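Contents: one structure, followed by commentary.
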Amino acid sequence: MSTSPADIAVLGAGPAGLAAAVAASQAGARVVLLDAGQRVGGQYWRHRDGDTGAGHHHWRELQRLRAAAPEFLGGRQVWHVEPGFTLHTNEGEVHARTLIVATGAYDRQLPFPGWTLPGVFTAGGAQALLKGQGVTAGRRVVVAGTGPFLLPVAAGLAEAGAHVVAVCEAGSPAGFARRPPLGKLAEGAGYVRTLLKHRIPYRIRTTVVAAHGTGSVQGATIASLDADWNIVGTREVECDAIAVGYGFTPQLEIPLQLGCETRLDVDGSLVANADDQQRASVPGVYLAGEVCGVGGAPLSLVEGELAGLHAAFATVGAVPDDARVARLLRKRRQARAFARLLHETHPVRPGWRTWLSEDTQLCRCEEVTVGRVRESIVDLGATDARSVKLLARPGMGMCQGRVCGFATSCLVAAERGRAHTAQDLLAMAARPIANPVPLGTLSETHPTPTLEGS
């Protein structure tokens, strides 16, 4: 059996990766699809055996893509990619002529006093626990942060039997009222019906600014906020879990390893640059989904399909369907317009820094406090996120800055009297090893997986 390289390797089996793999495979390319999870679907379609699609959106699309998916290597954590392309995974090496990166995004977090207590979850973590295991994050849950993602999290928890104390939206959805996204109205109305059914209050200009408890969460401080998120009033509520989310951070480890160009997106995140054909700045690399800008599943599906078609054309000479590509480009323009509206409606405002005390942990892995970061700037002369990282060690622990990188970059820039830049975020995002791996894995030699049909 041959162990020759695949024509195309696709990293990530969420909406973008699945769409890319199916499009490229159906165009005639030999495709291998890899994901750290054991099932296709990614975080968006995380599910258990026997799931019928209840509580999921676009479930029929998952079923269609899953049925047409090419060779799938589940449980593969890709920790390094060499140009050419050699993919190093926890189960050996995979070789491919072309690479499509669709690694998605993870929850963007803002720290607050008590956020390291057991019982404080990311909003995505609470949803993943529910979708993947059928377990609610707690019995009395406060859902807080900003953005429409709070609604499905709260609705899912309530339908599963949790008492959702409140949905606390730090901003305001008024931007959607001025320019209603027609395709999203029915989805939003469904969440509103669920909140009304369970009598869950939805409060704008409020959020959780502190968690309390001995050993685990027993309560939260909910603050009323002004337009810049400065605190104007507080009250205490009892709860045993808090689910918090302030948007998403694109997962850029692999594009950065390969030297792909990046930029600062509308939502303040670092994203990788992709051209009209979803090509990265590095030859042979294509990007799809959240890595080139957070915009939701519909945008990811379109970008993934475009990336798969163009990659197949460039790699194996597949004949492009001009009408299909033109239709996809129209859909992409519409989806990107919604993504921009989303980010403009739910920005992260600067007042969140006023919630912090000097002893609030900024980096939970290394237990670096806000005060320690400020000392590195005032007393030791640090001028940017990279120098703060070297002097105070935020981002040097197990997660390598995935959790604290955005907040650290923003806090350091603000202490220096300026807005954060792409370079600030890059200092906390570049990692030579994309995922934590045992040292033994680095020294082991694995056989190269053989592709079906080779």
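Is one or more of the residues making up region 236-258 assigned to a loop (DSSP other than H, G, I, E, B), assigned by TED's automatic domain parsing to the domain that holds residue 95, out of contact with any strand residue (DSSP E or B) (no Cβ under 8 Å at 6 or more places or on another chain) and farther than 17 Å from residue 405 by Cα?
no
Being part of a loop (DSSP other than H, G, I, E, B) and among the polar types (S, T, N, Q) is the filter; apply it to region 354-386 and report the residue that is nearest to the chain's Cα centre (by Cα).
Checking each candidate, the answer is 360.
I'd like to know if region 406-420 contains one or more residues that are farther than 30 Å from residue 29 by Cα, at pLDDT below 90 and not in a loop (DSSP other than H, G, I, E, B).
Within region 406-420, not a single residue is farther than 30 Å from residue 29 by Cα, at pLDDT below 90 and not in a loop (DSSP other than H, G, I, E, B).
One line per residue, one yes/no per condition, for (1) touching a residue at least 60 places away in the same chain (Cβ under 8 Å); (2) farther than 22 Å from residue 120 by Cβ:
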site	(1), (2)
201	no, no
223	yes, no
239	yes, no
249	yes, no
257	yes, yes
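All but one of (1) in a helix (DSSP H, G or I); (2) surrounded by fewer than 23 Cβ atoms within 10 Å (Cβ to Cβ) hold for residue 389, so report the exception by its number.
Evaluating residue 389 over (1) in a helix (DSSP H, G or I); (2) surrounded by fewer than 23 Cβ atoms within 10 Å (Cβ to Cβ) leaves (2) as the failure.
Identify the residue in region 306-336 that is within 28 Å of residue 405 (Cβ to Cβ) and among the aliphatic types (A, V, I, L, M) and, among all such residues, is nearest to the chain's Cα centre (by Cα).
The selected residue is 335.
Can you tell me which of 132, 119, 50 is outside the structural domain of residue 205 (by TED's automatic domain parsing) and farther than 18 Å from residue 16 by Cβ?
Just one listed residue meets the conditions, 50.
May I ask you to verify whether residue 74 is assigned by TED's automatic domain parsing to the domain that holds residue 296 and out of contact with any Leu (no Cβ under 7 Å at 6 or more places or on another chain)?
Criteria met by residue 74.
Could you tell me whether residue 351 is assigned to a helix (DSSP H, G or I), in contact with a Leu (Cβ under 9 Å, 6 or more places away or on another chain) and surrounded by fewer than 19 Cβ atoms within 10 Å (Cβ to Cβ)?
In short, yes.
Of everything in region 1-22 that's at pLDDT 95 or above and β-branched (Val, Ile, Thr), which residue is nearest to residue 251 (Cα to Cα)?
That would be 10.
Give the residue that is farthest from residue 163 (Cα to Cα), with candidates limited to residues of region 230-245 that are surrounded by 24 or more Cβ atoms within 10 Å (Cβ to Cβ) and touching a Phe, Trp or Tyr at 6+ places or on another chain (Cβ under 8 Å).
Per the criteria, the residue is 245.
Can you tell which of 77, 63 is free of Cβ contacts under 8 Å to residues at least 12 places away in the same chain and surrounded by fewer than 23 Cβ atoms within 10 Å (Cβ to Cβ)?
63
Looking at this structure, is residue 199 surrounded by 14 or more Cβ atoms within 10 Å (Cβ to Cβ), closer than 20 Å to residue 238 by Cα and basic (Lys, Arg)?
No: the conditions fail for residue 199.
Does residue 153 satisfy the criteria of being at pLDDT 95 or above, part of a helix (DSSP H, G or I) and out of contact with any Phe, Trp or Tyr (no Cβ under 6 Å at 6 or more places or on another chain)?
Answer is yes for this residue.
The values are calculated or read from the model by the stated rules, or taken from the named source; none is laboratory data. Worth saying up front: this structure is predicted, and the values here are computed from it rather than measured. Counting neighbours? That spans all protein chains shown, and the Cβs are built from the backbone with ideal geometry, glycine included.
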